[in-house]
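Working notes for the structure below.
The values are calculated or read from the model by the stated rules, or taken from the named source; none is laboratory data. A quick note: this is a predicted structure, and the numbers were derived from the prediction, not measured. With ideal geometry, Cβ positions are generated from the backbone for all residues, glycine too; neighbour counts draw on all protein chains shown. We work out accessible area using only protein heavy atoms, side chains counted, and drop any ligands, DNA or RNA first. Shrake-Rupley method; radii C 1.70, N 1.55, O 1.52, S 1.80 Å.
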Amino acid sequence: MKPPPPAEIRAEDELAAADVRVMLTAPSRTALLDNLGITDQDASELLPLLDAAAADEEVLTDVTATANRLRAAAGLEVPEVDLAAEKDRHDGLQQRLAPGEGLVPILALLVSTTTVRAWHDARGLTREQSWEVLADLGQQMRVHRAGTGRLGLHQLNWMSMNWAGRLVHLGRLQFDLHRQPVALLAGTGSTPSADESAPAAVGPGGPVDGPVAQAAGPAPSADDSRRWVLGTHIPARGPLDPAEVDASFTAATAYFTEHYPELGAEEPAFGHEFVCDSWLLSDQLAEITGEGSNLARFAARWEMLERSRMDDGALFFVFGRRPPVDVASLPRSSRLEHGVAERLEDGRGWTGGLGRLLR
């Protein structure tokens, strides 16, 4: 009888600064960058910074400490690594080596893949699938460069969630494993207004849609019931073809029901219940791009649980910009750009939200 998979995998030891120095300067580092999707200008600019970090004791100490936190554990119930909480300190330290932001976390992510890869193996991902998941680091660095023109990383806690092992890339879509309040999934949670008085959503932080955020509404109480669901994300990889989307959902159901059997016993709908928290879940897309467009058809799949203002998300994922921005200067070379820019400029803003899908 096959033994049940582990609920978590923990590192048996900690890296020393000397270990990290060897990893940052080893000849194999170029292959590591390639496996992590770090290519072209990002790779060429990052390589000399690996040597500089290895030679700077203070930077190396912080990289080592951060790497040990990232590699400490992967699994279903493991401590969150809040990289964003250390952003200001890390970015200040980075100035010893190069201007910008995100270098210390990038280096820590580079040398801390062993635990998450062991978790992927325990949960049925092939070596190739595992590296495809972790190559999201390179994708997020490309997103950062597109918006800023330089090497770096903004999506800090998106990447730490990835390194905890709860993100899987299956075909066109990505899926993350997390808990959602049962009341919200049943449509009985608090739903904020989506009119012009609603506050703008916090800025984006994931692929073309942004990671699933904590649901709006009252703070959770001790007796709040939550269940495991599959968050859905759309990497910036070309058209959102409906057939490819269907294939990804089918692959996700097959993978998660087979490799997370204990969650199926706990939640009968597990593997068939998806959520998506995104600026893309907007009926405004049908008005702008037409009801038959790929974007509008994707939005129409979802039963909306919450609607909220997501001006910053639309601004970033359509134009690659972050506030403050002169909206009048935004490009309008496509129907999507024109429609989003017009709504941001005239004050209507952009309404997205949290949706649920059962398959």
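A few notes on this one:
- Consider segment 269-299 and keep the residues that are of a type in the set (Ser, Thr, Tyr) and part of a loop (DSSP other than H, G, I, E, B). The one that is farthest from LEU230 (Cα to Cα) is SER293.
- Residue within segment 324-345 that is closer than 18 Å to LEU184 by Cα, out of contact with any Cys (no Cβ under 7 Å at 6 or more places or on another chain) and modelled with pLDDT of 95 or more present: no
- Unmet requirement for PRO48, which otherwise passes all of (1) without any contact (Cβ under 8 Å) to a residue 40 or more places away in the chain; (2) in contact with a helix residue (DSSP H, G or I) (Cβ under 9 Å, 6 or more places away or on another chain): (2)
- Checked against (1) under 25 Å from ARG150 (Cα atoms); (2) charged (D, E, K, R); (3) in contact (Cβ under 8 Å) with a residue 60 or more places away in the chain, ARG307 meets all criteria but (1).
- Enumeration of residues in segment 306-323 that are farther than 15 Å from ILE288 by Cβ and either part of a loop (DSSP other than H, G, I, E, B) or at pLDDT below 90 (or both): PHE316, GLY320, ARG321, ARG322, PRO323
- Total residues in segment 1-17 satisfying the condition of being within 30 Å of ALA55 (Cβ to Cβ), open to solvent by less than 70 Å² (accessible area, probe 1.4 Å) and in a loop (DSSP other than H, G, I, E, B): the figure is 3.
- From ARG307, ARG297, ARG301, residue being open to solvent by 20 Å² or more (accessible area, probe 1.4 Å), farther than 25 Å from LEU134 by Cβ, in contact with a Ser or Thr (Cβ under 6 Å, 6 or more places away or on another chain) and not polar (S, T, N, Q): ARG307
- LEU83 meets each of the listed conditions (1) open to solvent by less than 40 Å² (accessible area, probe 1.4 Å); (2) over 14 Å from ASN157 (Cβ atoms); (3) not β-branched (Val, Ile, Thr) apart from (2).
- Filtering segment 262-301 to residues that are among the hydrophobic types (A, V, I, L, M, F, W, C) and within 20 Å of the chain's Cα centre (by Cα) leaves PHE274, VAL275, CYS276, TRP279, LEU280, LEU281, LEU295, PHE298, ALA299.
- Members of segment 238-263 that are open to solvent by less than 30 Å² (accessible area, probe 1.4 Å) and not in a loop (DSSP other than H, G, I, E, B): PRO242, VAL245, SER248, PHE249, ALA252, THR253, TYR255, PHE256, LEU263
- Qualifying residues in segment 131-174 (those that are more than 17 Å from THR232 (Cα to Cα) and of a type in the set (Lys, Arg)) - the one surrounded by the fewest Cβ atoms within 10 Å (Cβ to Cβ): ARG150
- Tally of residues being under 12 Å from ILE9 (Cα atoms) and part of a helix (DSSP H, G or I) across segment 122-132: 1
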